[in-house]
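I have placed the structure first, in the form of structure tokens, so that the comments after it can refer back to it.
The values are calculated or read from the model by the stated rules, or taken from the named source; none is laboratory data. It should be emphasised that the depicted structure is a prediction, and the values quoted were computed from it without experimental measurement. In this analysis, Cβ positions are derived from the backbone assuming ideal geometry, glycine residues included, and neighbour counts consider all displayed protein chains.
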Amino acid sequence: MRKIIYAINISIDGCVDHTRFTKADEELFDYFTTNMQDIDLGVYGRKMYELMFPYWADVAKNRSGTKWENEFAQTITGVDKVVFSRSLDSIEGNTRIVRTDPVQELLKLKQAPGKNISVDTVSLFAQIAQAGLIDEYHFVVHPVIVGQGTRLLDGSLPERLQLKLADSKVFKSGCVALKYVKS
Amino acid sequence: MRKVILAINMSIDGCIGHMSLPAPDEEVGGYFNDLMHQDVDLIAYGRKMYEIMFPYWADEANWNDELDTEFGQRITDLDKIVFSRTLDSAEYNTRIVSTDPVEELLKLKQAPGKNIYVGTVSMIPQLAQAGVIDEYHFVVVPVVVGGGPRLVEDGTLAEKLDLELVAARTFKSGWIALHYKKRA
């Protein structure tokens, strides 16, 4: 069965507003691009989708980034996408708008044939983590304490989520990639 | 100059309530004990944390195993200060300090001696922002909690604090110690 992989950049203190982090370097882009090799579907909330696109699609088209950014852009743009939204009307290219319940839709997608599914949206986290839908968690911990803005979670889960550390990797920038699996 | 060292357990999402985190195993307990033994000769507590730690850890009846005994003995013997405007007296080699924690720690850093270990949660933003803390040991517990006390509560840091990663150490339990230092 397809795995659902939740991937996010996070500060030491659990904040996820990427504008407060140091910009990703080559090593980090390479890490993200490599992780996407086993992914054939990207799942977004509306806001995250609009942060990512058309920005990365333009980079991919115009080759306007660094070598590493261009490779990342090409990979992420090429992958099929689903965006959960009640307000979006239409989207170009390989993206499908879904208006129904994210949990139900993801359960269905998991059963469908294909490679793994990546979810990179903060607003979906609590709901799908609690439903036990996430098989792997890829956190990249940036070397910064932020203390404000959006957090991974805004309130308690009914039960804490117990995970199992599967892998860790230290980058030159001081970022640490932590991979956990459902326990 | 003496260094000020902070060491704390937290969830992946930055929650630190000890009620919401599982207890550390022997290996992680040993990591904390080692930190406490390496070149530390003073612990600086906030009032709340001090009251959580003492008199509990000074009482041999609470030393349930070798790790507990080592830890309890060590922190009871060490010189301590507690920042408080309300406490009248304190036992166990503890001096009460009612002046500004930042000023006091800056002064203590200049004084001769080994490193200073800070045991406080509420003063972390204040001390971190003022550049008082030199080394940070965050031991990340493999859980996501979402609520309760956080490492840094919303709005308590005036601006974000960039740190420099020194090392990461993985434990068998899947806990991982992320060791950072203050940016030069």
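Of all the criteria given as (1) among the β-branched types (Val, Ile, Thr); (2) in contact (Cβ under 8 Å) with a residue 40 or more places away in the chain; (3) more than 14 Å from chain B (Cβ to nearest Cβ), the one not satisfied by A:VAL103 is (2). Set side by side, the residues B:VAL132, B:VAL166, B:VAL152 differ, and just one is more than 7 Å from every other protein chain (Cβ to nearest Cβ), crowded, with 23+ Cβ neighbours inside 10 Å and touching a residue at least 12 places away in the same chain (Cβ under 8 Å), which is B:VAL132. Against the definition (under 27 Å from A:GLU26 (Cα atoms), modelled with pLDDT of 95 or more and out of contact with any Pro (no Cβ under 9 Å at 6 or more places or on another chain)), how does A:ALA166 come out, yes or no? Considered against the rule, which asks whether it is under 27 Å from A:GLU26 (Cα atoms), modelled with pLDDT of 95 or more and out of contact with any Pro (no Cβ under 9 Å at 6 or more places or on another chain), A:ALA166 comes out as yes.
Checking the condition surrounded by 13 or more Cβ atoms within 10 Å (Cβ to Cβ), without any contact (Cβ under 8 Å) to a residue 12 or more places away in the chain, of a type in the set (A, V, I, L, M, F, W, C) and under 30 Å from B:GLY131 (Cβ atoms), which residue from A:VAL170, A:VAL146 passes? Before you say what the answer is, go through the steps one by one.
On the way: A:VAL146 fails: without any contact (Cβ under 8 Å) to a residue 12 or more places away in the chain.
Selected residue: A:VAL170, the only one of A:VAL170, A:VAL146 that is surrounded by 13 or more Cβ atoms within 10 Å (Cβ to Cβ), without any contact (Cβ under 8 Å) to a residue 12 or more places away in the chain, of a type in the set (A, V, I, L, M, F, W, C) and under 30 Å from B:GLY131 (Cβ atoms).
Residues that are surrounded by 15 or more Cβ atoms within 10 Å (Cβ to Cβ), in contact (Cβ under 8 Å) with a residue 12 or more places away in the chain and not in a loop (DSSP other than H, G, I, E, B) within the range B:49-67 comprise B:MET49, B:TYR50, B:MET53, B:TRP57, B:ALA58, B:LEU67, listed in sequence order.
Scanning the range B:135-149 for residues that are more than 9 Å from chain A (Cβ to nearest Cβ) and aliphatic (A, V, I, L, M), we see that the one that is surrounded by the fewest Cβ atoms within 10 Å (Cβ to Cβ) is B:VAL139.
Highlighted here are the helices (runs of 4 or more DSSP H) found entirely within the range A:10-98 that include at least 1 residues which are closer than 30 Å to B:GLY148 by Cβ and of a type in the set (Lys, Arg): A:46-52. Answer yes or no as to whether B:ILE116 is surrounded by 23 or more Cβ atoms within 10 Å (Cβ to Cβ), touching a Lys or Arg at 6+ places or on another chain (Cβ under 8 Å) and closer than 27 Å to B:ALA58 by Cα. It is true that B:ILE116 is surrounded by 23 or more Cβ atoms within 10 Å (Cβ to Cβ), touching a Lys or Arg at 6+ places or on another chain (Cβ under 8 Å) and closer than 27 Å to B:ALA58 by Cα. When the range B:15-29 is filtered for residues that are within 17 Å of B:PHE138 (Cβ to Cβ), more than 14 Å from chain A (Cβ to nearest Cβ) and surrounded by fewer than 18 Cβ atoms within 10 Å (Cβ to Cβ), only B:GLY29 remains. Within the range A:1-44, take every residue that is farther than 22 Å from B:ILE12 by Cα and in contact with a Pro (Cβ under 9 Å, 6 or more places away or on another chain) and give me the one that is farthest from the other protein chains (Cβ to nearest Cβ). Filtering first and then ranking leaves A:ARG2. When A:ASP101, A:ASP120 are screened for being closer than 25 Å to A:THR150 by Cα, at pLDDT below 95 and surrounded by fewer than 19 Cβ atoms within 10 Å (Cβ to Cβ), only A:ASP101 passes. Here B:THR86 passes the criteria (1) in contact (Cβ under 8 Å) with a residue 24 or more places away in the chain; (2) over 20 Å from B:HIS18 (Cβ atoms); (3) surrounded by fewer than 17 Cβ atoms within 10 Å (Cβ to Cβ); (4) touching an Asp or Glu at 6+ places or on another chain (Cβ under 9 Å) except the one numbered (4).
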